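The values are calculated or read from the model by the stated rules, or taken from the named source; none is laboratory data. The model shown is predicted, which means the values in this text are computed figures rather than measured ones. Positions of Cβ are backbone-derived with ideal geometry, glycine not excepted, and every protein chain shown enters the neighbour counts. Protein only, heavy atoms only, side chains kept; ligands, DNA and RNA dropped before computing areas. Shrake-Rupley method; radii C 1.70, N 1.55, O 1.52, S 1.80 Å.
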Amino acid sequence: MQIQQNISLKKYNSFGIDASAKYFAPFSSNEELLKLDRDRWPTLRLVLGGGSNILLRGEVDGLVLKNEIRGIDLIREDENYVFIKAGAGENWHQFVLYCLQRNWAGVENLSLIPGSVGAGPMQNIGAYGVELKDVFYELEAFDIRDLKVYNFSLNDCAFGYRESVFKKRYRDRFIILSVTLRLYKKPRFNTSYGAIQEELTRMGVAGLSIQAVSEAVIRIRTSKLPDPSRLGNAGSFFKNPQVTEEKFNELKNVFPGMVGHPGPSGQVKLAAGWMIEQCGWKGFRRGDAGCHEKQALVLVNFGQASGQEIYSLSEEILQSVKARFGVELEREVNIL
Ligand code: EPU
């Protein structure tokens with residue numbers, strides 16, 4: 001493993017923040033990790049995949065590893081399923097396309113999510129009615145404490161809404177090496193998320209296919225979400241807060257336009273984008289930090305914004321939503 005010094009991370013984070021890492025090393029196998037000098041592990045500050053869910057607020061004074069483990073393999077199949085193992089460093093959307101080409105179903109709703117395969121379980125990526133946990137089978141992760149590789153089953157990962165054991169209990173402890181998904185040979189369509197059905201109708205799709213669903217999702221995403229290669233961003237900056245049905249009804253009484261969707265276990269997920277828009281932030285820009293004009297949940301870097309400027313803006317948004325609605329937003333993006 002080649003350790004480089006004082007490397008700009010600008011091209012490695014989708015916000016396009018120009019912060020540098022004191023030490024930087026890409027790796028493409030578990031064996032390479034084992035060769036790293038043991039003294040280096042305590043200096044590890046960050047493991048990057050696609051860098052699409054991170055905000056760098058300053059220089060990283062330590063070691064940054066970049067996961068470049070590749071490979072997609074069909075490891076097993078039965079009558080109904082294929083078990084597909086992918087290297088954590090694979091690009092997520094390229095992986096989805098690979099599956100679509102082979103008619104392996106289950107990830108079509110997750111088309112065009114930026115980032116790497118390894119980031120999928122880290123935050124249980126989700127979109128348009130599907131979450132990674134719905135197709136997850138197992139993963140392999142490297143423990144930086146004992147330098148051994150462990151398998152994690154679906155239960156072990158403790159997936160929640162944009163949550164997993166790797167974001168909480170095992171934060172900064174495991175490096176995800178590979179992810180195995182259990183995909184369907186026969187599609188189980190999930191088009192219940194309103195916008196998909198509308199888009200399919202607009203596309204004039206006759207027979208439903210996973211390719212058509214993927215295309216609909218891509219159209220919806222590109223119409224609202226900025227392309228990180230053109231406008232720095234990390235997708236939704238905040239989570240949609242979950243409240244009880246009772247609380248939702250109370251809020252709805254005071255703010256009749258309040259948008260909420262039933263979530264797991266009777267909770268209601270409030271549309272944070274709606275609340276942020278109501279507070280007047282949509283399309284806001286200060287310097288190069290802003291709130292996206294088409295999706296208020298997405299903060300953007302118009303070019304030269306610092307991580308601190310984006311963070312300060314997020315703090316103001318958080319405070320104003322709290323003052324107006326009494327609801328506390330939680331950041332989805334990892335802050336460094
Ligand atoms: N809304 C507004 N104003 C806005 C944005 C949204 O009023 O500026 C309202 C919309 O009208 C809609 C509701 O909020 O009624 C929900 O909006 P949308 O369908 O765009 O989805 P979201 O809740 O803002 C979530 C995920 C996205 C995912 C989409 C689709 C989170 C934090 N975000 O966004 O995930 O793509 O649903 O499933 O759960 C991500 O995590 O980075 C991400 C992009």
To the nearest 20 debye, the stretch 1-126 has a Cα-centred charge dipole, built from +1 on Lys and Arg Cβ and -1 on Asp and Glu Cβ, of 400
Lysines within cross-link reach of residue 186: Cα-Cα under 23 Å, excluding same-chain residues under 8 positions apart? 85, 133
Listed residue (120, 206, 326) projecting farthest to the positive dipole end of the chain, Cβ model: 326
What dipole magnitude, in Debye to the nearest 20, does the chain give about its Cα centre under +1 on Lys/Arg Cβ and -1 on Asp/Glu Cβ? 260
Divide by every residue of the chain the summed helix terms, -39500 (n - 2.57) for each DSSP H run of at least 4, and state the resulting mean residue ellipticity at 222 nm, rounded to the nearest 500 deg cm²/dmol. -7500 deg cm²/dmol
What's the ranking of 156-169, 319-332 by average number of surrounding C-beta atoms within 10 Å, highest first? 156-169, 319-332
Per the rule of 0.36 nm per residue minus the C-alpha distance, extending residue 190 to residue 173 adds in nm 2.7 nm
Under a 1.4 Å probe, counting only protein heavy atoms, residue 64 has an accessible area in Å², nearest 10, of 0
Could you sort 120-128, 217-225, 140-148 so that the peptide with the highest average Cβ count within 10 Å comes first and the rest follow in order? 120-128, 217-225, 140-148
With a 1.4 Å probe and all protein chains left in place, how much of the accessible area of the chain comes from carbon and sulfur atoms, in whole percent? 45
Cα-based equivalent ellipsoid, the stretch 4-67: semi-axes from gyration tensor eigenvalues, Å: 20, 13, 9
I'd like the accessible area for residue 198: 1.4 Å probe, protein heavy atoms, all chains in place, Å² to the nearest 10. 110
How long is the chain along each principal axis, judged by its Cα atoms, biggest number first, in Å? 60, 52, 36
Along the stretch 192-200, what does the Karplus equation 6.51 cos²θ - 1.76 cosθ + 1.60 (θ = phi - 60°) give for ³J(HN,Hα), rounded to whole Hz, x for Gly and Pro? 6, 5, x, 4, 5, 4, 4, 5, 4
Net dipole in debye of the stretch 193-336 [+1 Lys, Arg Cβ; -1 Asp, Glu Cβ; about Cα centre; nearest 20]: 220
Relative packing of 19-28, 205-214, 102-111, which averages over residues the other C-beta atoms within 10 Å, highest first: 102-111, 19-28, 205-214
Work out the charge dipole of the chain with +1 on the Cβ of Lys and Arg and -1 on the Cβ of Asp and Glu about the Cα centre, then indicate which of 95, 161, 237 is farthest towards its positive end. 237
